[in-house]
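What follows draws every value from the coordinates through simple rules; no lab data is involved. These numbers come from a predicted model, not from an experiment. A quick note on method: Cβ atoms are made from the backbone with ideal geometry, for glycine too, and the neighbour counts reach across all protein chains shown.
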Amino acid sequence: MWKKYAAEFFGTFLMVCLGTGSIALGWNHLAVSITFGTSVFLAIMIFQPISGAHINPAVSIAFAVNGDLEKKLLPGYILAQISGGLIAALITTSGATVPNEEFHISFLIEIIITLLLMYSIHVLVRKKVNLFTLALGVGLTVGVLSYFFGGFTGSSMNPARSIGPNLVTDSGYLILYIFAPIIGAILSNFIPSNNKKL
């Protein structure tokens, strides 16, 4: 159990540290999107065999609702993920997600892109792809969604990715970046994947 929590902590730390670190270094939007996608790829490659490498409370909640994660593990997963993101944010002190659209539009965008991310995870898991394909598929999805939607909302798709940076930089908008991804991830459970109703 504690190994799983540690994996979620370090996986989320890796993702947030590399991703927000690229922002702190002043990299352009394409490079930042690639970095976030690559960091997710690396986190899954390293930690998936231990904890599943959710590195995202929205993903863990959706899996728990769907019966793919023991509910007793959920609080520990969420705490580990948020803690990992917060520690990474304290190091980089950058990378807050801030909406550039009206609140309701940004909320809808975060729901949709998190739904797409979670659906891609469902499809890959149901197809029982190998570890490399899983990591590549999810990392690529994160990178592409970050590139196309980052200009609208910062393309969080992950409460743990936003809570730490937004607290450290006092940027606010946590209601948006906590609840919209969770709603999107849960909604993805109701979309059929691999000929199964989730």
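A compact table of results
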| read-out | value |
| --- | --- |
| Single residue of I50, I34 found to be more than 17 Å from the chain's Cα centre (by Cα), under 20 Å from L136 (Cβ atoms), assigned to a helix (DSSP H, G or I) and not small (G, A, S) | I50 |
| Criterion: assigned to a helix (DSSP H, G or I) and buried (at least 23 other Cβ atoms within 10 Å of the Cβ) - qualifying residue of I44, I78 | I44 |
| Filter result for E8 (acidic (D, E) and assigned to a loop (DSSP other than H, G, I, E, B)) | no |
| Where a residue in region 44-68 is farther than 12 Å from I183 by Cα and its partner, wherever it lies, is basic (K, R), with Cβ under 9 Å and at least six apart | I50/K3; I50/K4; S51/K3; S51/K4; G52/K4; I55/R161; N56/R161; A64/K71 |
| Members of region 137-162 found to be surrounded by fewer than 24 Cβ atoms within 10 Å (Cβ to Cβ) and in contact (Cβ under 8 Å) with a residue 24 or more places away in the chain, listed by number | G139, L140, T141, G143, V144, L145, Y147, F149, G150, G151, F152 |
| Search result, residues across region 53-75 that are among the polar types (S, T, N, Q), under 25 Å from P165 (Cβ atoms) and part of a helix (DSSP H, G or I) | S60 |
| All positions within region 87-136 that are in contact (Cβ under 8 Å) with a residue 60 or more places away in the chain, under 20 Å from F179 (Cα atoms) and assigned to a loop (DSSP other than H, G, I, E, B) | G95, A96, T97, V98, P99 |
| Residue within region 165-176 that is of a type in the set (F, W, Y), more than 21 Å from F10 (Cβ to Cβ) and assigned to a loop (DSSP other than H, G, I, E, B) present | yes |
